[in-house]
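The values are calculated or read from the model by the stated rules, or taken from the named source; none is laboratory data. Small disclaimer: the values here were computed from a predicted structure and weren't measured. FYI the Cβ positions are ideal-geometry reconstructions off the backbone, even for glycines, and counts take in every protein chain you see. With ligands, DNA and RNA removed, areas are computed over all heavy atoms of the protein, side chains included. Shrake-Rupley method; radii C 1.70, N 1.55, O 1.52, S 1.80 Å.
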Amino acid sequence: MIADLHIAGKLILSLSSIQRYCIPMLKRIAAAFLAVLLLLSSIAASSDLIGDALLIADIPITYGDEGFRERIIERTKGERDPVGLVLSGGSARAFAHIGVLKYLEEQGIVPDFIISNSMGSIIGLLYAAGLSPDNIIDFITSTDISAMFSFTLPLEGGVMLPSGLEALAEMIVGPDTRLEDLDIPVMVICDDLVTKREIRITEGDFTDILIASFALPFYFPPVEYEGHLLIDGGIVTLLPLETAFEYTDTVIVSTAFYNMPDLNLRNPITVLNASFDIGKNQKAAEAIRSHGDFIWIRCDVESFSFMDFDKAALMAEIGYESAASASEALEGIHRSGVSQALLDDRAELSRRMEEAERSQMFFGRVDTSSPSASLSFDFTSNQEGNERRYLSDTSNLALVYGYRNGPFEAGGIFGGAFNLMTQTVASASLLAEGFMSYYPADSLRFSLEAAFTFGHDPDWYIPHLYVRQGLDWIILHRKGEYMLSFREALEHTTGFVGRNALALSSGVDGDIALGMFHLYGALGYLMTADDIRFGNIHSFIEASFSTRFSPQGERGWFIDGGVFSRVAVDGRGSVPLFLSDGYLSTVLRSGSGYWRSSRYHNTMLSVSTGYDFRVTPTFAEFLILENLGIAAYCDMLIHDAAFDFSAGVGFQSAFSIIGLLEIPLSLRLGYDSLSDGFVASFLLSLRY
C-alpha cells in the first residue's frame, strides 16, 4: 500500500512537472512551427507573384487603347482600312524620317496613326502635333543642340538633363498639350523599369512623353508616368512593327537601322553598345520576316553614327530619296491629303517657332512655362564666353544649383577656383558664389553675381570678393550673318586686407560674315580705380578689330589677324593690360588679372595661322572631338616705346558627349618676352 502510494505520488509529481514545464515548451514549439508554416507560405506566395511577373513580362501595358481606336475610326469614318506609319528609333539617324514624311505628304499620304519609339517618337510627335516636315527640320537645325542639355549629378538616374529641350517643346507646342489632343493619333513605345514590361502610351502630357521616348539609360533619368519609370523603348524593341498590325493591315514602315562595318569591336564601350543591338536586331528581323505585307522604306543612313546630330538636314534628304524609291509600292495607299484643321494648326505653330527661334538666337535660352530647379556642373574659364571680365582670371570647377522661372534665373555655385595660366604650378582656392539674371526682353539681360574665394595669402580664412553687375543688349542679330550688341559692366574685387580694384566698362561689339572673311570689331570706354579712391580713377578708350580668312570654308586652312589698342584719354597714364585682352603672360596673374606699365597706350598686333580639321575622331561613339584645330600664334605688344611678344602654338577642340553636350576647350603653349619665360594656358567653357 505504501509502495503503491509512492508510485502514485511519483506519477502525480511527473504529471505536475509536465504541466508546468513541458506544456509551455510545446506551445512555443507549436507557435514556432506555425510561424515557419506562415513564412514558407508567404515565400511561396511571393515566388508565385515573381513567377507571374516573369511570365507576363512580354505582355505590354497599353494606356488609352480604346480612345486610340476611336480616333482612328473618326479619321477613316469606318469606310476604309487605316494607314499606319511606323517610325523606328536610331538616334540621330531618325532625322531621315523627316524626309520620309515630306515625300509622303507631297504624294497626299497622311497617316491615320503613328507608332514609334526612341528618336523616331520625337519626329512622330512633332508631326502629329501639327509641325510640317520643313518646320521639324528648322526646329532641329536652328537649335543649339548642346544648349538643350546639361550635366547633372546622377541622383535621378541620369547624368544629363534635357531641360532646355523640354522648355523649347512647351514653348512651341504648348505646356498643356496632351497626346489624345493631337491632330494625328500617336502611340509611343517605352519600357518600364518597375514592371519590366513594354508600355504603350497614347494619352498623357505631350512633353513628358516626348522626354520619356528618348530617355536612354545612364545618360538621361527615367520619366515617371502612372507609377512607371519609363526609359527609351528602343533599348528592347528597335521596330514596333507587330503593334501596328493590331490596328490595321495597311502599314508603312520607315527604318533607320545601324550598320557601321568599321566599328572597333575590341573597344569595351563599343562591345557594350553592340551587345544591346544584338537582341534588338534579332527581334526586328523576326518582325519583318513574320509580316511581309507592309511597305518598307529602308532609309539609306545606316552607315551614319548615332551621334551625327549635326547632319540632320543631310539625313532628311536621304530619307526623302529613300521614300521616293518606294513610289511604286505606295501607289495603292489612300491619299487623304493634309486636312484644313492641320493646316490651321501649322500656321499657329509656325508663329510660335519664330518666337522660339528669336528667343534662342540672342542668349541661347527659352523661358520656362513653370518654375524649375536643377543641380549641374560648372567648369568654365572666366576668360571664355560672351561676358568679358576685366578683373577675374580664374577657371571654376564647381556644383551649380540653378532656379528658373520665366525670364528670371538665380542660383549658387560651390567648388574650386583655379588659375591655369602659370609658369609653374596652378593655384587653387575654395569658391562660393551666388548669381542672378533677368531677361525683360529676348535681346536684353541684366545680371548680378558675387563670388568669394578662400585660400589667398596671408590668411586662408580671409576671403577675396569679386562682384559684377552686367547689362547686355543685342541690338541686331541674324544667325550666321551679323550681330551688333551693347555691353556695360561694373566690376569690383577686393582682398579686404589687400588690393582693391574697380572697373567700369561699356561699348559696342559687332561681327559680320562676308564670304571667306569674318570681321569682328569693338569700340568701348573703360574706367579703372585702385583702392576705390577718386584720386586713382583713370579713363581709357579701347578699340579692336580682327578678321579670319578661310578660303576653304568653315574647315581647312585659316589666317587670323587683329589689332587692339587701349589709350589713356585723361592724360594720367597707368594704362592697364588685362588677361582678357588676349596677351598671354604670367605677369598678368595678379588675382585681379591686370598689369600696369604704360603711360600712353597698350597696342597689340596679333596674327595666327592654322588648320581646322574636317575629321571628327570618336571614342567608342561616346566621346567625339569636334571643331578640332591647331595654329601657330604671335602676339606683339607695343606699350609706349617698348616692344614685347608672346608666341607659340595653340590647340582647340570641343568634347561632345554622344553628340549632344559640348565642352569647348583651348590650350596654348609658348614663350613670353614680357615675363621672359615659358607660358601656358588651359581654358574651358561649360556652364549649363
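Things worth noting here:
- Taking label points 7 Å from Cα along the Cα-to-Cβ direction, Leu314 and Leu667 give a separation of 2.8 nm.
- Heavy atoms of the protein chains alone define the surface here; on that basis region 307-455 has 48 Å² accessible area per residue at 1.4 Å probe size.
- Per-residue accessible area (protein heavy atoms, 1.4 Å probe) orders Trp595, Trp557, Trp296, Trp473 as Trp557, Trp473, Trp296, Trp595, starting from the largest.
- Listed cross-link partners Lys102/Lys196; Lys196/Lys283; Lys77/Lys102; Lys102/Lys311; Lys77/Lys196 are compared with a 29 Å cut-off, the Cα-Cα value being larger for Lys102/Lys196; Lys77/Lys196.
- Cα gyration tensor, region 295-380 - rounded (a/c under 1.5), prolate or oblate: oblate
- Inter-label distance, nm, simple model (7 Å from Cα along the C-beta direction), Ala632/Asp144: 3.4
- Listed residues Leu155, Leu342 arranged by accessible area, highest first, probe 1.4 Å: Leu155, Leu342
- The slack between Ser339 and Leu476, meaning 0.36 nm per residue of separation minus the straight C-alpha distance, is 45.5 nm.
- The residues Phe309, Phe643, Phe655, sorted by heavy-atom accessible surface at 1.4 Å with ligands and nucleic acids left out, run Phe643, Phe655, Phe309 from largest to smallest.
- Just the protein heavy atoms count here, and of the accessible area of region 178-225 at 1.4 Å, carbon and sulfur take up 52 percent.
- Anisotropy class of region 128-254 from Cα gyration tensor, a/c 1.5 cut: oblate
- Ranked packing of 114-124, 672-682, most packed first, by mean Cβ within 10 Å: 114-124, 672-682
- Computed lengthening from Val569 to Val615, 0.36 nm per intervening residue step minus Cα-Cα distance: 11.7 nm
- Å² per residue, accessible surface of region 139-263 at 1.4 Å: 35
- Carbon/sulfur fraction of accessible area - region 291-399, other protein chains in place, 1.4 Å, %: 49
- Within the assembled protein chains, the solvent-accessible surface assigned to Met516 is about 90 Å², based on a 1.4 Å probe.
- Pairwise FRET efficiency - Ile541 versus Val607, Cβ, R0 = 22 Å, nearest 0.05: 0.40
- Only aspartates and glutamates eight or more places from Lys479 in sequence, or on another chain, were considered; those with a Cα closer than 14 Å are Asp138, Asp144, Glu354, Glu357, Asp511.
- Counted residue by residue at 0.36 nm each, then reduced by the alpha carbon distance between them, the extension gain from Glu224 to Ile56 reaches 58.3 nm.
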